[in-house]
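The values are calculated or read from the model by the stated rules, or taken from the named source; none is laboratory data. Just so we're clear, the structure is a prediction, and the values are computed from it rather than from any experiment. Ideal geometry is used to build each Cβ from the backbone, glycine not excepted, and the neighbour counts take in all protein chains shown. Note: areas computed on protein heavy atoms with side chains; ligands, DNA, RNA excluded. Shrake-Rupley method; radii C 1.70, N 1.55, O 1.52, S 1.80 Å.
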Amino acid sequence: MRGYDEVYRHSITDPAGFWGAAAAAVHWHKKWDAVLSGEAPFQRWFAGGELNTCYNALDVHADGGRGGQLALIYDSAVTGRLKTFTYAELRERVARFAGALAAHGVGRGDRVIVYMPMTPQAVVAMLACARLGAVHSVVFGGFAADELAVRIDDCKPKLVVSASCGIEPGRVVEYKPLLDAAIARARHKPSACIILQRPQARAELTRGRDFDWKEEMDAAKPHDCVPVAATDPLYILYTSGTTGAPKGVVRDNGGHAVALKWSMKNIYDVDPGEVFWAASDVGWVVGHSYIVYAPLFNGNTTVLFEGKPVGTPDAGAFWRVIAQHRVKSLFTAPTAFRAIKKEDPDGGLVEKHDLSSLQSLFLAGERTDPDTLHWARDKLGVPVIDHWWQTETGWSICANCLGLGALPVKDGSPSKPAPGWDLRAVDADGGALAAGAVGALVAKLPLPPGTFPALWGARERFVESYFKTFPGHYETADAGYIDDDGYVFVMARTDDIINVAGHRLSTGAMEEVLAAHPDVAECAVTGVADALKGQVPLGFLVLNANCKRGEEEIVTEAVRMVRDKIGPVAAFKQAAVVPRLPKTRSGKILRATMRKIADGEEWKMPATIDDPKILDEIGAALRGIGYARKG
Ligand code: COA
Ligand code: AMP
């Protein structure tokens, strides 16, 4: 077997040869003309090739000897339901739903928004779009109506697939009123909505626009796979940018299928027929890549878990699922493990289950802190692999590739660049940094297949955001360093993005909401440390001089506004009312200093501050709401 070093070198010295060989594992309706073509940063993988993503996920297995093998296990801890689908059954459902979509005029290139909880129908809807060559855009259920409206206006879906409700521990979240409000607010109006009625809440259907999932499925004729260009979009997934307008990350069909199929054996060391579980949500990139597409491309059984690591019913939920379904590899976010560890620090619940099937744990979404890493390794007795990736990249930039032979683990590092990633740490001018020096983490172009070829409808923003600062390179917007052994350490974002429970959020978007409060003259939001979620947002509000209302009342309203406009997922629960915001002489708000004060960290007086006394006032306001305490 070729080890990591050899495979990595090959991928960098001959990207076209490397990925061309990997592409042989994918079914093509027509072979590509060129593995890699075009000018950076608009290079494309497998131009001229034709394939169908759904065919590669389902039909190759259903017709290739795995028809009776489980493709999907739906395990709902919040409803107590368990349902399994073989490859043949899942293909039958998907083909039928593709027929239902086609009956509404959805075809190749049309966009479909999927606003769904973690039910099998969400997976069916995604794959049905892929079957038709339509472009899905899944919107996470924890976003509010306004966020949904923005996405509707940006990608202009022909149709929306949704459900009557999602189920959070202790409450039923009705989706339909949110969908109705979003459509009312959006300028673009989808011509139809297909709604899954769940028993926990029934949705009011608007005659002529809304259709019942079950009735549509009963009436539909199965639809076959439509071959599409390798370079055609498979999906758009919106992610936070520095402003309120989210970025529509585009994924293509060909490069995506090749890279994800390759990753299952080489990174995760999982073989066809084995059970893989990504405990994430289909609304996030991890859910797209590793709940839905990659495990199915690879002929695995994937687990769709509707529940939480704690409280559904307890901190043993993950162990129960692993034991019951014989999971080989689990992928989740460190925050899930922190939640479990907090409830069951001694791991008593781990011992109650037979975890002999489990061979590895992969963590991503945020840096894995050493405490969590050690706890997980001690309690589970398997390799714990931190790997680093982004919505834009679709799969990992750095990983300890288990299938290529495990590398020694270094605490706090997602190991070395994955094959295909020519990664560097550079200074502000793009100059290479010495080992150990912190700078911007950038990747030399071309990016490997499976990464984003575009932002939906935003060619200039694509170039500006990612390729302008360091020409010839992709700017990850993460800062860090590479050590003497080539291990990468990812330290912090270089922009205003924060990471809350593995969810990526824009502080700029929250500031836009707060600024609209009639009593708020000025505001800032920064991420502060949180023992469970890693970071949580904290607001700073300067009130209008003539404001006579109570501060507490205004903070409560501000919290409500962020929840209503962005959604509960923002976890915006606290704000400090301050007399002024600290700024540089040129007017830039000193967010990093405010964060350090809030976290009780050491901080230096910024040389460029316009009035140093402001920081004492900020400290006092923060202490008043329980922050800025040392230790
Ligand atoms: N629909 C509606 N609301 C949702 C939702 C959904 N799909 N998902 C989350 N929410 C709500 C929650 O109910 C919560 O609301 P609340 O403020 O009323 O309590 C809020 O959004 C924040 O949710 P969450 O981030 O899940 O926090 P939590 O406190 O409920 O749970 C964890 C904390 C750590 C258990 C949870 O974040 C978790 O399991 N994280 C795993 C991380 C993950 O999946 N990351 C994806 C990348 S791998
Ligand atoms: P998202 O696009 O939601 O996947 O978020 C991507 C961001 O999460 C990255 O830019 C990092 O800031 C952070 N991130 C994800 N995985 C890791 C990791 N393993 N280590 C450090 N940061 C990570």
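In terms of its alpha-carbon gyration tensor, segment 271-410 comes out rounded; the largest-to-smallest axis ratio a/c stays below the 1.5 threshold. Taking Cα centre as origin and charging only the Cβ of basic (Lys, Arg, +1) and acidic (Asp, Glu, -1) residues, the dipole magnitude of segment 40-307 rounds to 480 debye. Between the listed residues Gly142, Val112, Ile152, the Cα displaced farthest toward the positive end of the dipole of segment 97-167, a dipole computed from Cβ unit charges relative to the Cα centre, is found at Val112. A 1.4 Å probe, protein heavy atoms only, puts the accessible area of Thr507 near 10 Å².
Given all pairs of different Cα atoms, what value in angstroms does the Kirkwood hydrodynamic radius of segment 413-504 take? Evaluated over segment 413-504, this radius sits at 14.0 Å. A simple packing score, the average count of other Cβ atoms within 10 Å per residue, orders the peptides 170-176, 590-596 as 590-596, 170-176, with the highest score first.
Overall, segment 471-623 carries a charge dipole of about 440 debye about its Cα centre when +1 sits on the Cβ of Lys and Arg and -1 on the Cβ of Asp and Glu, all other atoms neutral. Across the chain, the relative contact order, built from alpha-carbon pairs under 8 Å that are at least six residues apart, equals 12 percent. As a calculated quantity, the FRET efficiency between Ala103 and Thr13 at R0 = 35 Å, using C-beta atoms, amounts to about 0.10. At 1.4 Å probe size, with no ligands or nucleic acids counted, give the accessible surface of Lys573 in Å², nearest ten. Approximately 140 Å² for this residue. Each Lys and Arg contributes +1 and each Asp and Glu -1, all at the Cβ; summed about the Cα centre of the chain, the dipole is approximately 900 debye. Please say if segment 501-624 is rounded, prolate or oblate, where rounded means a/c under 1.5 for a ≥ b ≥ c the square roots of the C-alpha gyration tensor eigenvalues, and otherwise the choice is prolate for a/b larger than b/c and oblate otherwise? Note, shape of segment 501-624 comes out oblate. In segment 40-307, taking the dipole from charged Cβ atoms about the Cα centre, the farthest positive-side position among Leu101, Trp284, Gln69 is held by Leu101. Think of segment 501-624 as a dipole: +1 on every Lys or Arg Cβ, -1 on every Asp or Glu Cβ, centred on the Cα centre; then among Gly508, Met561, Val577, Gly508 lies furthest on the positive end. Of the accessible area of the chain, computed with a 1.4 Å probe over protein heavy atoms only, carbon and sulfur atoms account for 50 percent.
Taking every alpha-carbon pair within the chain, the share separated by more than 35 Å comes to 39 percent. Solvent exposure of the chain, expressed per residue, is 38 Å² of accessible area, with all protein chains present and a 1.4 angstrom probe.
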